[in-house]
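For reference, the structure discussed in these notes is given below.
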Amino acid sequence: MPLRGLPWSNPVKYVKNVGPKRASLLSRLSINSVGDLLYHFPREYEDRTQLKPAHAYDSGVRASIRGRVVGAEESKPRKGLTITKLALYDGYGLFYAVWYNQPYIKKQLHEGTWLLLTGKINRFMGQIQLQVLDYELEDGSEALYTGRLVPVYPLTEQLSQRVLRAAVKSALDEWAGGLDDFIPVSLATKYKLPDLGAALQMVHFPQSSEDHRAARRRFVFEELFLQQIIMTMRRNTIVAVKKDHSYKIKSGLEDQFLSSLPFSFTPGQRTAWEEISLDMDAQTPMYRLLQGDVGAGKTVVCVMALLKAVNSGLQAALMAPTEILAEQHYKNISKYFSSLGLETTLLTGGMKKKNRQQALEKIREGKTGVVLGTHALLQQDVEFKNLAMVVIDEQHRFGVKQRAVLQFKGHQPDVLVMTATPIPRTLALTLYGDLAVSTIPDLPPGRIPVKTYFYRHSRMAGVYEKILEQVTMGRQAYIVCPLVEESEKVDLLSAVELASRLSSGELGGCRVDLLHGRMKPEEKETVINRFRDGLIDVLVSTTVVEVGVDVPNATVMVILDAHRFGLAQLHQLRGRVGRGRYASICYLISDARGEDTETRLRAMCQTGNGFLLAEKDLELRGPGELFGTRQSGAVTYRIADPIRDIRALEVARKEARELLLRDPVLGRAEHRSLLEELKNRFDKDLIFINVG
């Protein structure tokens, strides 16, 4: 994370106790500068505040002891093993500190030296021994490793806690004093937040648990406040712009489309469409999130928005993260549009050159109203005649820059982003503060809930029997594996291995085929079409089927090693069945133990409500995991937890909005350091449009 200019941007190799070799190790943790190092917060603290004599500890426990060296010995019981043992007096009696393969200890620590030591207590042949983890001289300087709350950092291979603590301490000593704090003084005073320099000292080397709590409160507020400033500035930029296109107030095509549907909109769909339609009729561009559970009917609401654009002689584009999903949208939407005499165009990376050139020409000349595609829509040679509406599906899979590239292909287009990974409305407003939010809370009537079971691998024989039973009845099944091929590092069944085994083993009487992300686009399309046409009974797949595969005849979903997935992803996978008129079953297979794992998988068995599952997933794994990544758009968290810190989040949102009402472009002198911090932390090309 880049922080304010020198010395914060100084390369970390210049920090005392680091150097080039350790700097290369730190870079694995994304620590490249002094600022990165000081914002590499501890993940926890070890309480070494209680110093007791050695005899007061039981064997096997971790102990912190103060002692004076009274003797030393060294032995080599076998080749390659050196044992250094110091005898120390703790004021009550002797104990022995033991180091393995560190012969230099005997030369460094002389008789009469007072030490603070932490390690594991053992009793051996009448001696009390301490297997040393950390030690330091008691020489009047501040202790780092004993007699205090000691920071424990995220590490990488070949980097020790001791080395990282020393590096952080050196950086603090040299640069933490007299820092220019970017949090406005009025807010720091109002919420009793320590200044930046003090907070850095307190978060890394707290003198007490109160210190740690105060520092955490400061950095949680800082993180959320900066995020909310960004979101609010984006929103303000959007509403300040006037779009140069407008739509027909009433469209006969919309009525024609609605009357052609074999169902009526649910109340949630009607409300969502009304909100979207009002936004499209406004003079400023729409920027709205449409969220709903699996099967809630987001696509038909989206079609209404596309129709509104096309009926006004304008173009619309829908971007999906995978070719499978893009092709599924194309199949469904082109069916709707062709009945209305409208043309749609598909653009993906797997298209043949000739077909691609024809599609590009149609788009450029405005001969097609709706364009559906993948990241291929972002390429430079994709030019629209009059793009007025942009729809981005599964929006959390795209970065901020990717979404912006598509928007810039039009002139202030309306933007609708969709997700089937629902989150609570309050959190949605906070995580996506630059978006208005429409939620479809209900499902169409008549949906048969999918029965879900959590089984160990020992019960797979019964699962295969159920698959055979369903196939005999003319139904189909999915079996999902987390891996494409075998991994030496992870003991998980691979899709390739399983498909090969099942086709000649447990499911030998079934037509078994394989689908995974490494296949060529045309190969994937062939397999999906064959499965959709009933030519495949059992599809063994990776999570490539998570979105975009719609086969109403499929009634069994088996998810192997289900502990590898979050609730949101499990719910998406389960949503591949239960899409037709037949009762469906989902089996979650896992031998993993642990309270969180079992809580997560049992929650899947207890409810089919995606919003409830999303809340549970947020509670158990955090927002970054919910979206499958630690970053979703501009939302990256180092220390804040929007669930646990929801109150702080609401306060940060309120203060950010009020500050920007007073100073919309952060031009006042007292806000200059805040503006610089935002520019350094975030991508100013995307965030500071028309600002500063």
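Since every read-out is calculated from the coordinates, none of them should be taken as a lab result. What you see is a predicted model; the values in this text were computed from it and never measured. Every residue, glycine as well, gets a Cβ built from its backbone with ideal geometry; the counts of neighbours run over all protein chains shown.
Evaluate E = 1/(1 + (r/R0)^6) for SER458 and THR49, where r is the Cβ-Cβ distance and R0 equals 51 Å; express this FRET efficiency to the nearest 0.05.
On the way: r = 47 Å, r/R0 = 0.92.
Calculated value: 0.60.
Considering only PRO103, THR146, PRO77, whose Cα is most displaced toward the positive end of the charge dipole of segment 50-147, charges sitting on Cβ of Lys, Arg (+1) and Asp, Glu (-1)?
The listed residue farthest towards the positive side: PRO77.
Please give the FRET efficiency for LYS451 paired with ARG511, using the beta carbon to beta carbon distance and R0 = 30 Å, rounded to the nearest 0.05.
FRET efficiency, LYS451 to ARG511: 0.75.
Using 7 Å Cα-to-Cβ label points, what is the ARG501/GLN380 separation (nm, one decimal)?
Reported label-point gap for ARG501 and GLN380 is 4.9 nm.
Could you name the lysines whose alpha carbon sits less than 30 Å from that of LYS106, not counting residues in the same chain fewer than 8 places away?
LYS16, LYS21, LYS52, LYS76, LYS79, LYS85, LYS120, LYS169
Do you know the relative contact order of the chain, to the nearest whole percent, from alpha carbon pairs under 8 angstrom that are 6+ apart? Intermediate values should be presented prior to the final figure.
Working: 1259 pairs, mean separation 85.8, N = 692.
Relative contact order, the chain: 12 percent.
Using alpha-carbon positions, what is the distance between the centroids of segment 563-600 and segment 91-138, in Å?
About 52 Å separates the Cα centre of segment 563-600 from the one of segment 91-138.
Taking the simple approach of a point 7 Å from Cα along Cα-to-Cβ for both THR526 and GLU138, what is their distance in nm?
That separation, rounded to one decimal, is 7.7 nm.
Could you let me know the centre-to-centre spacing of segment 432-472 and segment 298-374, using Cα atoms, in angstrom?
That distance is 30 Å.
Starting from 0.36 nm per residue, how many nanometres of slack lie between GLN357 and GLU73 once their C-alpha separation is accounted for? Kindly include the intermediate steps, with their values, before the conclusion.
Working: separation 284, 0.36 × 284 = 102.24 nm, distance 8.08 nm.
Extra length available between GLN357 and GLU73 comes to 94.2 nm.
Could you grab the relative contact order for segment 50-147? Cα pairs under 8 Å, six or more apart, rounded to a whole percent. The partial results should precede the final answer.
On the way: 230 pairs, mean separation 27.5, N = 98.
Once normalised by length, the contact order is 28 percent.
How much net charge surrounds GLU525 when only the other residues with a Cβ under 15 Å from the Cβ of GLU525 are counted, with Lys and Arg +1 and Asp and Glu -1?
0
I'm spelling it out carefully: the read-out is Cα extents along the principal axes in Å, the candidates are [x] 93, 69, 47; [y] 95, 71, 44; [z] 112, 67, 53, and one was derived from this structure. Which label?
Here Cα extents along the principal axes in Å agrees with entry [y].
Taking 0.36 nm per residue of sequence separation and subtracting the Cα-Cα distance, how much length would be gained by fully extending the chain between LEU81 and GLN158, in nm to one decimal?
Details: separation 77, 0.36 × 77 = 27.72 nm, distance 2.04 nm.
So the extension gain works out to 25.7 nm.
Can you tell me the relative contact order of segment 469-593? Whole percent, Cα pairs under 8 Å, sequence separation 6 or more. Don't skip to the end; give the middle numbers.
Values: 225 pairs, mean separation 35.4, N = 125.
About 28 percent, as a whole number.
For the pair MET473 and ILE643, what calculated FRET efficiency results from E = 1/(1 + (r/R0)^6), where r is the Cβ-Cβ distance and R0 = 51 Å, to the nearest 0.05? The partial results should precede the final answer.
Numbers: r = 43 Å, r/R0 = 0.85.
According to the calculation, E is roughly 0.75.
Which residues in segment 521-553 have a backbone N closer than 20 Å to a point placed 7 Å from the Cα of THR597 along the Cα-to-Cβ line?
543
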